[in-house]
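Chemist: Have a look at the structure that comes next, please.
The values are calculated or read from the model by the stated rules, or taken from the named source; none is laboratory data. Treat the numbers as computed from the prediction; the structure is a model and nothing was measured. Virtual Cβ from ideal backbone geometry, glycine too; neighbours counted across all protein chains shown.
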Amino acid sequence: MTHFLLRFKKIHYYIIPLIALVVWWGMLIAMMSAWSIQGHPIYPFMGFVEQDPVYISDIGATNLQPLFISCAGFQAIFFVGTLVMEYYLRTHKKLQPYVSSKQPKFAIASIVCAVIAQLGILFVAIFNTKNFHYVHLSMVGIFIAFAFFACACNFLNSFIFGHYPQRLSPTHEKVIFGRHRWSNIYMVSFFCKCVWLVCAAAFALSFGILMKKGNDSKSAILEWTISFFYGLLLVMWSMDLFPSAVKHYRVRHPNEFDNSFQQDITKEDEERSISTFGAPTYVPNSDPTTPVRNFDPAQRPIIANDPPTAY
C-alpha cells in the first residue's frame, strides 16, 4: 500500500533547528512588542536622536537584557547542535553519508566556526551597548564573520553532494530529476543557500554603511530584517535533516511505500543503501585485496580505504 502524502517520524532530529528558530523569532517579536507597548521610547543612553525603530541592542540593554541573554544562549545551543547532529547522522549512516573525504573536514570547520559565532552573539547580549559599547560592537563583528564561515563550509558540503550525484545511495529516489549532473535536490539546496548567503551579506554590508553614516533609522530597519532573515537558514537546515525522519519511518513501515524504483538494485547496492535509519555508502570487505564491484571507479562512492581526493 502506497500513501500519496509524505509520511515521516514526527518527533525527530529535524526539529532541533526549528526549536532555535522559535526561540529566536519569539525573542525578536517579544522585544519589538515591548518597545511598541512602551510607546516607542528613545532611551536616555541613546542621546537626543530621532530614530524609529531602535536597534535590537538598545532594547536588549534595558530591563529586557535577561530575555536577550537567555534566548541568545538557548538558540546558540540548538544552532550548534544542528550542525553537530548533521555530522553525527552522516558519519553514523543515519542520513546520506559523506561522498568525499573533504566533507567531514568542512563539517568540523563549520561546527568550530559556529561555536565561535554563537559565543559572539551571546557576548553581544551580555556586554550591552549601554555600558560596553565597543566590546558590544566587536562581538557583533565576530558573530557576523564566523557565522559567514560556518555557513560557507556547510554550503560547500551541499555542493559536493550535488556535484557527485552518482555517488549517492542507489535508494535515493526522487533526488535526481534530470539528466544534467546538477539536476538534483542537493544542488537546488546549494543554490538556495547561496541566495540566502548573498542576501544576508548584502543586508549586513548595507547595515554597516548606514550605521557609519549616522542613518540610524534605516540601519535599525536592516538590523531587524537581518535578524528575522537569519531564521530562514534554520529552516533550510531543518530540511537537510528531514530525510532522516522519512527514512526512519520508511524502514519501520516498508509496505506503505512504493519500492518499484529499486527493482534493479543488486545485493551490493543494498549494502550501501538504507541502514536502520539512513543510507550508508558502500564499505567493502575488510580484506583490501578483495576486488570491488566491476564498475567505473569515478562512479562509486568514496569508501574508507580511498586515498584523499582533490575536491
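Chemist: Say we look at the range 158-200 and pick out the residues that are among the aliphatic types (A, V, I, L, M) and modelled with pLDDT under 90; which of these is farthest from Ser110 (Cα to Cα)?
Modeler: In this case the residue turns out to be Ile176.
Residue-by-condition table, conditions (1) within 14 Å of Cys153 (Cα to Cα); (2) of a type in the set (Asp, Glu); (3) more than 13 Å from the chain's Cα centre (by Cα):
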| site | (1), (2), (3) |
| --- | --- |
| Glu86 | yes, yes, no |
| Thr91 | no, no, yes |
| Leu95 | no, no, yes |
| Ala107 | yes, no, no |
| Ser110 | yes, no, no |
| Cys113 | yes, no, no |
| Gln118 | no, no, yes |
| Leu122 | no, no, yes |
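Chemist: Being more than 22 Å from Ser238 (Cα to Cα) and buried (at least 18 other Cβ atoms within 10 Å of the Cβ) is the filter here, so list the residues in the range 68-80 that pass it.
Modeler: Phe68
Chemist: Okay, next question. Quick one: which residue in Ala125, Ala109 is modelled with pLDDT of 90 or more, surrounded by fewer than 19 Cβ atoms within 10 Å (Cβ to Cβ) and among the small types (Gly, Ala, Ser)?
Modeler: After ruling out the rest, the residue left standing is Ala109.
Chemist: Cβ-Cβ below 7 Å, separation at least six or inter-chain, first residue in the range 36-51 and on the phi > 0 side of the Ramachandran plot and assigned to a loop (DSSP other than H, G, I, E, B), second surrounded by 10 or more Cβ atoms within 10 Å (Cβ to Cβ) and among the basic types (Lys, Arg): which pairs?
Modeler: Nothing qualifies.
Chemist: In the range 81-105, what count of residues is obtained for those that are under 21 Å from Ile144 (Cα atoms) and surrounded by fewer than 21 Cβ atoms within 10 Å (Cβ to Cβ)?
Modeler: Going through the range 81-105 one residue at a time, the tally reaches 2.
Chemist: Any chance the range 201-209 includes a residue that's modelled with pLDDT under 95, farther than 30 Å from Phe48 by Cβ, aromatic (Phe, Trp, Tyr) and part of a helix (DSSP H, G or I)?
Modeler: no
Chemist: Identify all residues within the range 33-63 that are within 31 Å of the chain's Cα centre (by Cα) and surrounded by fewer than 16 Cβ atoms within 10 Å (Cβ to Cβ); write none if there are none.
Modeler: Ser33, Ala34
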